[in-house]
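The values are calculated or read from the model by the stated rules, or taken from the named source; none is laboratory data. Just so it is clear, the structure is predicted and the values come from calculations on it, not from any experiment. With ideal geometry, Cβ positions are generated from the backbone for all residues, glycine too; neighbour counts draw on all protein chains shown. Heavy atoms of the whole protein, side chains included, go into the accessibility calculation; ligands, DNA and RNA do not. Shrake-Rupley method; radii C 1.70, N 1.55, O 1.52, S 1.80 Å.
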Amino acid sequence: MNDGWNIVVCVKQVPDADDVTIDPDTGTLNRSDAPAVLNKPDHNAVESALALRDAVGGTVTAVTMGPPPASAVLQAAVAAGADGGVLLTDRAFGGSDTWPTSLALARAAEELDADVVICGEESTDSSTGQVPPGIAAHNGWAQLTYTESLDPRPDEGVLVGTRDVEGGYERVATALPVVVAMVFGANDPRPAGLHRKIFAETEFEPVQWTAADLGIEDRVGLVNSPTKVGGMDTASPVERERTRVDSVEALYDHLAEVL
Amino acid sequence: MSAASGPGIDVADYRDVWVFVEQHEGEAAPVSWELLAKGRELADETGESLVALVVGDGVAHLAEEAVARGADRALLADDPVFEPYRADPYGEQFRALVEARKPSIVLIGGTHTGRDFAGRVAVPAHAGLTADCTELAVDEEGLLLASRPTFGGSAMATIKCPAHRPQMATVRAGVFDAGEPAEPTENAADAVESVEVVVAEEDTLSTVLERVVGGVVDITDADVIVAGGAGCEGDVTPLVELAEALGGEVAATRAAVEEGWVEPARQVGQTGKTVRPQLYIAAGISGAVQHLEGMNGSDVVVAVNTDPNAPIFEHADYGIVGDLHEVLPALTAMVREKQEVAA
Ligand SMILES: Cc1cc2nc3c(=O)[nH]c(=O)nc-3n(C[C@H](O)[C@H](O)[C@H](O)COP(=O)(O)OP(=O)(O)OC[C@H]3O[C@@H](n4cnc5c(N)ncnc54)[C@H](O)[C@@H]3O)c2cc1C
Ligand SMILES: Cc1cc2nc3c(=O)[nH]c(=O)nc-3n(C[C@H](O)[C@H](O)[C@H](O)COP(=O)(O)OP(=O)(O)OC[C@H]3O[C@@H](n4cnc5c(N)ncnc54)[C@H](O)[C@@H]3O)c2cc1C
């Protein structure tokens, strides 16, 4: 038998996606001062982590990399039921693309002696989906992306994941440690319990690690990021007729020109 | 793991455009040929060679097809360890090839498979990887300019990778044109080089226990798409019948897919497919940015919605306020009637 798994769940703070719309005339972002929230797909990651702990025992530790206010997403994870939270925060991390971001998270997972690292499918702001495979690659661990459900086999030290493979599914057995990215919407996240919520808000203090604590101060930040954002443009609005028609006949006549 | 490149590497040592030919059970994913056609343009611009990378078990025919479709050369890693796909053997093989041969640009399909392994390769190579690009170009110095939507499609970022190589990019299916299919020519095989397989089964970290894949629909080729959203309220018959009458395909928003009304392969948007049909009919769809991102390239967009203020009307050529359960069947009847008259 075993005394449970060390489960690490990676959570990211992002601008609230529901508040982001495009102005059709200018193509500009209407962000209405979008508040920062826990990346929506990460709710599914947290739920999977808690369900996995229910199944095999052990602990769930939430980890985020970001400026100090990002500890709010750790609080949300703890309120949902995570046992603790670690904030990776340091000026040295500034400007990190997915290469150093996944390095920092990979080092933290190693520090926490993780058996399983669970991430969301992708973030709602930069949405690369590259961080989970990046964590796995930095540590030379197995990976399961686009995972719909998990079936732990603690006696064999194996995690079986069902992956969405576009047009079907596959079941893959992996050795531990393994990095999992859950499909967005894969499960129904449990609501935070009242006691946990009060604890998260009043007593919980995240552990804080700097780049130096992780031994990676020379390998993170803008200088160690291969990609550079060369320019940001609002998406050019596609010109549309925006003609209202008031009958199916009129609609058909317009379509007849196209077809 | 060692960093193969990074600040201090000589970028001039890296040349050629590589395209990863994704395949499953010997059948190429359509995005592979789309990228090969785009890769040809980029290679012509930089004056380099276009190289197809084919990994699998019994896939020499795909290497030859890649040459017939315009690749100057194909590299073939053929071994049972590569079927079915797994991240770690693919990642390791790719890493070894990148380190040994130093490509400048590497294009990979933004499918679940491509996105699963691209991130894994980019790390040991210390390569720059730009996700889900919708435009690719090269500047005067031959640097790749990779543009991608962010914030759910409301902004475009252009990403460069000045000091690291290779410059990697993933691209979703349907963004570029595949060009014409081609039969392998007689001497296509001469341009195929078998490479050393560097992974052994006993070193792999995972085992595929079961793989069930049905006939996968491909909505990215359709000229007409009838898409439905939450407004379908469980009944997608009106979509299916109109699509049938117009000779098109049914598609859906994430909301309709999550409800289970429409299969996931038909989802359009940020986490679904990118489509560019001549006609896109959006019925019961509000017009969220994440949906618009996948269909903004359509020639003509029609919106059917009960809410006159639905954002989709701002992104449509023709809009009709009404219940899709009435509008679509009426339109279907009209289409069929005219077809009968014409026949
Ligand atoms: C406009 C723009 C475009 C960008 N494009 C690219 C690009 O193409 N390539 C590139 O390498 N970088 C890019 N970046 C940088 C990238 O956004 C950051 O590296 C970011 O920290 C992680 O990438 P992501 O949000 O795409 O993560 P994803 O890989 O989409 O996130 C998947 C999961 O990983 C976990 N995760 C991700 N970030 C964190 C975190 N900070 N803390 C804890 N868990 C986390 C979460 O579980 C999340 O659900 C871009 C940045 C901007 C502003
Ligand atoms: C990370 C992330 C990724 C996402 N990726 C995608 C993606 O790839 N694709 C995608 O589509 N979404 C995606 N979404 C979700 C997206 O934000 C929206 O929630 C979704 O597109 C809404 O779908 P909908 O328009 O069908 O539903 P709703 O927004 O609920 O709209 C339903 C519309 O139907 C109308 N309606 C109701 N009844 C009728 C009727 N009888 N007849 C006609 N009209 C009617 C209503 O007026 C309303 O406008 C993503 C979200 C996130 C956070």
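Do the conditions hold for B:Val106, that is, is it open to solvent by less than 30 Å² (accessible area, probe 1.4 Å) and either under 21 Å from B:Ile9 (Cβ atoms) or within 16 Å of ligand 2 (Cβ to nearest atom) (or both)? Yes; evaluated as a whole, the condition is true for this residue.
Please determine whether any residue of the stretch B:144-154 is in the same structural domain as B:Pro80 (by TED's automatic domain parsing), out of contact with any His (no Cβ under 7 Å at 6 or more places or on another chain), at pLDDT 95 or above and farther than 28 Å from A:Leu144 by Cα. Checking the stretch B:144-154: at least one residue is in the same structural domain as B:Pro80 (by TED's automatic domain parsing), out of contact with any His (no Cβ under 7 Å at 6 or more places or on another chain), at pLDDT 95 or above and farther than 28 Å from A:Leu144 by Cα.
Here is a check on your reading of the model: is B:Ala182 more than 20 Å from B:Asn296 (Cβ to Cβ), open to solvent by 20 Å² or more (accessible area, probe 1.4 Å), part of a loop (DSSP other than H, G, I, E, B) and more than 16 Å from ligand 2 (Cβ to nearest atom)? Considered against the rule, which asks whether it is more than 20 Å from B:Asn296 (Cβ to Cβ), open to solvent by 20 Å² or more (accessible area, probe 1.4 Å), part of a loop (DSSP other than H, G, I, E, B) and more than 16 Å from ligand 2 (Cβ to nearest atom), B:Ala182 comes out as yes. Only a single item in (1) free of Cβ contacts under 8 Å to residues at least 24 places away in the same chain; (2) facing chain A (nearest Cβ under 10 Å) is not met by B:Glu202, and it is number (2). Within the stretch A:1-26, residues that are open to solvent by 40 Å² or more (accessible area, probe 1.4 Å) and away from ligand 2 (no atom under 12 Å from the Cβ) have Cβ atoms under 7 Å from residues that are among the acidic types (Asp, Glu) and modelled with pLDDT of 85 or more in these pairs: A:Asn6/A:Asp113; A:Asn6/A:Asp115, counting only partners at least 6 apart in sequence or on another chain. So is A:Val245 surrounded by 14 or more Cβ atoms within 10 Å (Cβ to Cβ), among the β-branched types (Val, Ile, Thr) and in contact with a helix residue (DSSP H, G or I) (Cβ under 9 Å, 6 or more places away or on another chain) or not? Yes; evaluated as a whole, the condition is true for this residue. Among the criteria (1) modelled with pLDDT of 95 or more; (2) closer than 25 Å to B:Tyr14 by Cα, the one B:Ser206 does not fulfil is (2). Among the residues of the stretch B:303-325, those identified as touching a helix residue (DSSP H, G or I) at 6+ places or on another chain (Cβ under 7 Å) and closer than 18 Å to B:Leu279 by Cα are B:Ala303, B:Val304, B:Asn305, B:His315, B:Tyr318, B:Gly319, B:Ile320, B:Leu324.
Counting only strands (runs of 3 or more DSSP E) that fall entirely inside the stretch A:63-179 and contain at least 1 residues that are open to solvent by 30 Å² or more (accessible area, probe 1.4 Å) and farther than 21 Å from B:Asp116 by Cβ, the qualifying elements are A:142-153. Each residue in the stretch B:46-68 was checked for being within 16 Å of B:Phe20 (Cβ to Cβ) and either small (Gly, Ala, Ser) or assigned to a helix (DSSP H, G or I) (or both), and 8 of them qualify. Do we have A:Ala36 as open to solvent by less than 10 Å² (accessible area, probe 1.4 Å) and either within 14 Å of ligand 1 (Cβ to nearest atom) or touching a helix residue (DSSP H, G or I) at 6+ places or on another chain (Cβ under 6 Å) (or both) here? Judged against the criteria, A:Ala36 is not a match.
When B:Tyr280 is tested against (1) more than 9 Å from ligand 2 (Cβ to nearest atom); (2) open to solvent by 20 Å² or more (accessible area, probe 1.4 Å), just one condition goes unmet, and that condition is (2). Of all residues in the stretch B:306-321, those that are more than 8 Å from every other protein chain (Cβ to nearest Cβ) have Cβ atoms under 8 Å from Cβ atoms of residues that are away from ligand 1 (no atom under 16 Å from the Cβ) and acidic (Asp, Glu), 6 or more apart or on another chain, in B:Thr306/B:Asp323. With respect to being open to solvent by 10 Å² or more (accessible area, probe 1.4 Å), at the interface with another protein chain (Cβ under 9 Å from one of its Cβ atoms), in a strand (DSSP E or B) and touching a strand residue (DSSP E or B) at 6+ places or on another chain (Cβ under 7 Å), B:Glu293 falls outside the description.
All of B:Glu196, B:Glu233, B:Glu244, B:Glu259 fail the test of being within 30 Å of A:Gly140 (Cα to Cα) and either open to solvent by 40 Å² or more (accessible area, probe 1.4 Å) or touching a residue at least 24 places away in the same chain (Cβ under 8 Å) (or both), apart from B:Glu196.
None of B:Ala310, B:Ala303 is near ligand 2 (Cβ under 6 Å from one of its atoms) and farther than 17 Å from B:Thr134 by Cβ except B:Ala310.
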